[in-house]
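This report concerns only the one structure given below.
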Amino acid sequence: MRIAVEGCMHGDLDNVYKTLQYMEQINNYKIDLLLCCGDFQAVRNEADMESLNVPRKYREMKSFWKYYSGQEIAPIPTIFIGGNHEASNYLWELYYGGWAAPNIYFLGFAGVVKFGGIRIGGLSGIYNARHFHLGHFERPPYNESTIRSVYHVREFDVYKLLQVEEPIDIFLSHDWPRGITDFGNWKELVRYKRHFEKEIQDGTLGSEAASQLLEKLKPSYWFSAHLHCKFAAAVQHGEGGTVTKFLALDKCLPGRRFLQVFELESEPGPYEIQYDEEWLAITRKFNSLFPLTYKSANFGDVQLDMQDSRQWVRSRLQGRGAKPFEFARTVPCYNPSQSVSIDSLSENPRNPQTESFLLLLELPNLLDNAQNPASSSHIAPDIDSEEIPIDDIDDIEELPEESSAIPLNQSEEWNGRASSADFYKIRMTKLKPSSSSFRVSMETILLVFSATAKLYSLLIFLIVVLVASPSCADLSFNFYAASCPTAEFMVRNTVRSATSVDPTIPGKLLRLVFHDCFVNGCDASVLIQGNGTERSDPANTSLGGFSVIDSAKRVLEIFCPGTVSCADILALAARDAVEAAGGPAFQIPTGRRDGTVSRAANVRSNIVDTSFTMNEMIKVFSSKGLSLHDLVVLSGAHTIGSAHCSAFSERFKEISKGKRTLIDASLDKSYADELMQKCPAGASSSVTVNNDPATSFVFDNQYYQNLIAHKGLFKSDSVLLTDERTRKTLEAFANDQDSFFQSWGQSFLKLTSIQVKTGEEGEIRQTCSLTNG
């Protein structure tokens, strides 16, 4: 049996299937099964898009709807699990598993099936410790919290999988088992995924639930995705025990290792998906405990002797057979030529497959019995620290060798710590299908599109569609890969050099990008000098960091004249400033163009004043497409930088010459005394105070800890603690720096994407402080 495994699908079924068909053609073989490790995005119509946790600017219908409608038929039997970018309303219809489209089978929130004698198990979603012990309380329509928590792995589903006793051949999970990096070449991994290193060293990278399943089930193969990179490992279970061969794969993009084809010895066909007797028995045994509210399941109420349940299920399957029930459409399909209102499509029907499945097992349908809690006011906004966004925010620059093809004649034993993932072919000892490992001949499909004799038309299509060019109307990653490949390196070097001399530089650059993006979009208009420009407004006269941007621009004009925009330099410099100050490293897309208009009159109405109330800040942030969550995250920029005394003077009252008294009761008195000492009445306008008195030049979560201690410098900081809408998120960041860092990357990407100019808009300035001409 020849099986293909794909990382994150992101709805790109057309290109994955056509790539596999191309591989079949050039290799003269047949692929029997495709496995997908999540982020499948089974979006059927416009209404499903509302249940997809993806920023609106990245929401696309993609190609699944064609397979759901019958316009296209999957050429290869496909089994997938859910990730964290899914049409969760549809997957909830198929909680127990079922056909999402003809020939495309969803394994369920947890499940085991057979395919040609091979047992395949899987767990959908990603791990989040805060929700793990809760029940499945979410129901469509989802709110901003439940649209994130609905795909978080639950103890109930994991517990059922832990009852599996018979050998599992292949297991799928979206996120990686925690600790898996200990069994592979993690040092090579962090060379191009540097932000993983701290989590690896802390032992927090990956899913704790998945690691429990790995230890218990000991499958021959385990495949994952989520982290958008390829990584191989081999886990030996005890001294002389069986070995699980682990492989994580990337997502479907050119030059990325997203697809793997391997060969298993198996029983002769027919190869078709069938129910697994043991799993049906477990499902029947535990269904009465199905937790449908916040309350977790009480597993002590179930007798774990499965024999009676197995015999009952066996008799039922002997009567009707083990083939799953037939696919049935439950909602209207997307019609690209017809515009419809979302309200007319917003229904959450019972799925006939699920109904038939439960009738087979003589179980009640509980999926929509509980009251929908989505609108409950006590649900806290979710902070999805494990989430990897659908865009490429996590794609730190690849190693040079990652983008080059590898000779087909190289081979190596997969022995765990060897860098076996770097080879097209890996050979193992021939064993029987029931053994702990199979004979495997793996072919890594690298869509690098290097020169070959005859490029298939699909590959040309993928180059055109998926590889951004300078004329592309959107931002893209590695935008300057061809025109100025060292652009980001030069900017980063300039920032690091400046920071080593002046530790205040990161705070200045971070403030500079805020003042640019909020006023006229991220177009470097704040850099333009002259009377009546943004830079001349009193609110901007205290800005700094201009010299760093000018230095980077001068270097880039020498090596890549007229190529790299000042807007991109500013966005990259602010990102690199955070890393230089000890914050997270991440990638942002480029391709911004420089604006030609800069007016002081646009400044005051678009920036947040330090005395603003929560509602005033929300109004400004929402006008820029930023959420309440983004407001809390981006306020964390105040963990570095400094402010003039006038920025917080309204919190004090002058009582006599040179003396002040505190009038803002929300401020800690001892901290207030320090501020009044540094900023007495009549202090020089040049006097500044560090935003964070504890770790002034370090980008960390100390800012949030300061707020909890009532030591927020600005009034606009303190309201984050006193307002119930933001307090819980603030407290979460104060307790978990990793959560803040991961959220920072996502929100910073949104910030630096505000009203960008791309394509033919704007210009590429020769000098950042002046427009061309």
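The values are calculated or read from the model by the stated rules, or taken from the named source; none is laboratory data. Only a predicted model underlies this, so the values are computations on that prediction, with no experimental measurement involved. Cβ sites come from the backbone with ideal geometry, for glycine too, and all protein chains shown count toward neighbours. Side chains are part of the model used for accessible areas, which takes the heavy atoms of the whole protein and leaves out ligands, DNA and RNA. Shrake-Rupley method; radii C 1.70, N 1.55, O 1.52, S 1.80 Å.
Some notes on this structure:
- Size of electric dipole in the stretch 714-773: Cβ of Lys, Arg +1 and of Asp, Glu -1, about Cα centre, debye, nearest 20: 120
- Using a probe of 1.4 Å on the protein chains alone, the accessible area found for VAL5 is around 0 Å².
- Kirkwood-type radius of the stretch 192-249, with distances r between different C-alpha atoms, in Å: 12.5
- When LYS553, LYS66, LYS508, LYS659 are compared by accessible surface with a 1.4 Å probe, the order from highest to lowest is LYS659, LYS508, LYS66, LYS553.
- Between LYS619 and GLU165, the modelled label-to-label distance comes to 6.7 nm, taking each label 7 Å out from Cα in the direction of the beta carbon.
- An ellipsoid equivalent to the stretch 625-749, defined through the eigenvalues of its Cα gyration tensor, has semi-axes of 28, 15, 12 Å when rounded to whole angstrom and sorted largest first.
- For the stretch 31-71, dividing the convex hull volume of the Cα atoms by the residue count gives 91 Å³ per residue.
- Cα-based equivalent ellipsoid, the stretch 1-61: semi-axes from gyration tensor eigenvalues, Å: 29, 11, 9
- Spatially proximal lysines relative to LYS653 (Cα-Cα < 29 Å; intrachain offsets below 8 disregarded): LYS508, LYS619, LYS669, LYS678, LYS711, LYS715
- From largest to smallest, the equivalent ellipsoid semi-axes obtained for the stretch 95-161 from the alpha-carbon gyration tensor read 24, 15, 8 Å.
- The Stokes-Einstein estimate for the stretch 242-330, based on a Kirkwood radius over Cα pairs and taken at 25 °C with 0.890 mPa s viscosity, is a diffusion coefficient of 139 µm²/s.
- Cα-Cα over 27 Å, subset of LYS114/LYS160; LYS66/LYS285; LYS62/LYS285; LYS251/LYS624; LYS18/LYS750; LYS251/LYS553: LYS66/LYS285; LYS62/LYS285; LYS251/LYS624; LYS18/LYS750; LYS251/LYS553
- Translational diffusion of the stretch 516-560, µm² s⁻¹ [Kirkwood Rh, Cα pairs; Stokes-Einstein; 4 °C; 1.567 mPa s]: 112
- Hydrodynamic radius by Kirkwood, which averages 1/r over all alpha carbon pairs of the stretch 142-286, in angstrom: 17.1
- Sorting TRP65, TRP312 by solvent-accessible area of protein heavy atoms yields TRP312, TRP65, largest first, with a 1.4 Å probe.
- Ranked by how many other beta carbons lie within 10 Å on average, peptides 488-501, 122-135 from highest: 122-135, 488-501
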